[in-house]
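Accompanying notes for the structure given below.
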Amino acid sequence: MNGKRSFGGGGRGKAGTQGGQQGKDGQRRPMFRRRKVCKFCADKIDDINYKDTKLLMPFVPERAKILPRRISGTCAMHQRKLRTAIMRARQLALIPYTAE
Amino acid sequence: MTRKYELVYVVSPEATDAQVADLHTQVEQIAQRLGGKIDKTDNWGRRKLAYEIGPHKEGTYVLETIDGGGELMKEIDRRLKVSDLIIRHLIVRIDEEQSVIDRTRNRRTESSRRRRIARGLPPDRQPGEGQRSDMEDDDRFDLGEVER
């Protein structure tokens, strides 16, 4: 069910292919997107820890900048926690500040 | 009123194991002198640094969990700053965050139990019972392409 991808959005704004749940958004745009869900809420991850680089790495893509909320879909609370965790990990050279 | 702190320090890769152990005892001594104690120590071993720090490309990471007061951590911070062998260190207070995490976790399990009981189910999830096992191949978070 790897459906059509919407243009733009860095390949991340997926076109949803789930039937039934296409509500209001689908009407307006020709290409509707899947509603983004906060990863931490969905997976019930309470602890965003700076030591857990495996968890943090997907949120610092190639340029090593923190992935904005509008793209990752993370909720405000978790984005805030994520940010402190990433900044701490950077201090300890677990995560880069920039990519060369 | 003791607090819990986490201390991570990165030791220069040139340091021998004995020197790393020595640093640990130094920290321990300071802790004891100022009425704290080391809860646990975890040596992560040698890791590659995400960026070069001076001439170093890798370092030995050591994590210590310390019970103690702010004065103690101040002293440890000062000592680590002066030390030549240590290239980076970080002190974080963890007791408050930990209690928040525990609270949310408890609240979640309790509410899920209550809901399950209300539905006439046993309070804990049975093995083999999954809400949405079809989520496994979900591509919502295929941000994995950034792996380097």
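Go through segment B:53-101 residue by residue and tally those that are aliphatic (A, V, I, L, M) and in a helix (DSSP H, G or I). Before you say what the answer is, go through the steps one by one.
Quick first cut of segment B:53-101, residues aliphatic (A, V, I, L, M) only: B:53, B:62-63, B:66, B:72-73, B:76, B:80, B:82, B:85-87, B:90-92, B:94, B:100-101.
Next, only the ones that are in a helix (DSSP H, G or I) stay: B:72-73, B:76, B:80, B:82, B:100-101.
Residues meeting the conditions: 7.
Given the criteria more than 10 Å from chain B (Cβ to nearest Cβ), surrounded by 13 or more Cβ atoms within 10 Å (Cβ to Cβ), among the polar types (S, T, N, Q) and without any contact (Cβ under 8 Å) to a residue 40 or more places away in the chain, does A:Q79 qualify? Break it down stepwise before answering.
Values: more than 10 Å from chain B (Cβ to nearest Cβ): yes; surrounded by 13 or more Cβ atoms within 10 Å (Cβ to Cβ): yes; among the polar types (S, T, N, Q): yes; without any contact (Cβ under 8 Å) to a residue 40 or more places away in the chain: yes.
Yes.
Table: residues versus (1) of a type outside the set (S, T, Y); (2) within 14 Å of another protein chain (Cβ to nearest Cβ).
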{"residue": "B:E58", "(1), (2)": "yes, yes"}
{"residue": "B:D67", "(1), (2)": "yes, no"}
{"residue": "B:I76", "(1), (2)": "yes, no"}
{"residue": "B:R79", "(1), (2)": "yes, no"}
{"residue": "B:S83", "(1), (2)": "no, no"}
{"residue": "B:R93", "(1), (2)": "yes, yes"}
{"residue": "B:N106", "(1), (2)": "yes, yes"}
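Checking B:L34 against (1) among the aliphatic types (A, V, I, L, M); (2) loosely packed, with under 14 Cβ neighbours inside 10 Å; (3) closer than 14 Å to B:E75 by Cα: exactly one of these is not met. Which one?
Going through (1) among the aliphatic types (A, V, I, L, M); (2) loosely packed, with under 14 Cβ neighbours inside 10 Å; (3) closer than 14 Å to B:E75 by Cα one by one, B:L34 breaks only (2).
Can you tell me which residue is farthest from A:R35 (Cα to Cα) among those in segment A:86-96 that are surrounded by fewer than 22 Cβ atoms within 10 Å (Cβ to Cβ) and either more than 7 Å from chain B (Cβ to nearest Cβ) or of a type in the set (G, A, S) (or both)?
The selected residue is A:R90.
Answer yes or no: is there a residue in segment A:23-35 that is more than 9 Å from chain B (Cβ to nearest Cβ) and at pLDDT 90 or above. So that I can check it myself, show each step before the final result.
Narrowing segment A:23-35 to residues more than 9 Å from chain B (Cβ to nearest Cβ): A:23-33, A:35.
Okay, now just the ones that are also at pLDDT 90 or above, so none.
Scanning segment A:23-35 turns up no residue that is more than 9 Å from chain B (Cβ to nearest Cβ) and at pLDDT 90 or above.
Any residue at all in segment B:44-54 that's among the hydroxyl-bearing types (S, T, Y), in contact with a strand residue (DSSP E or B) (Cβ under 8 Å, 6 or more places away or on another chain) and under 26 Å from A:D47 (Cα atoms)?
Of all residues in segment B:44-54, those among the hydroxyl-bearing types (S, T, Y) come to B:51.
Then drop every residue that is not in contact with a strand residue (DSSP E or B) (Cβ under 8 Å, 6 or more places away or on another chain), which leaves none.
Checked segment B:44-54: no residue is among the hydroxyl-bearing types (S, T, Y), in contact with a strand residue (DSSP E or B) (Cβ under 8 Å, 6 or more places away or on another chain) and under 26 Å from A:D47 (Cα atoms).
The values are calculated or read from the model by the stated rules, or taken from the named source; none is laboratory data. Small disclaimer: the values here were computed from a predicted structure and weren't measured. Every residue, glycine among them, receives a Cβ derived from its backbone with ideal geometry; neighbour counts consider all protein chains shown.
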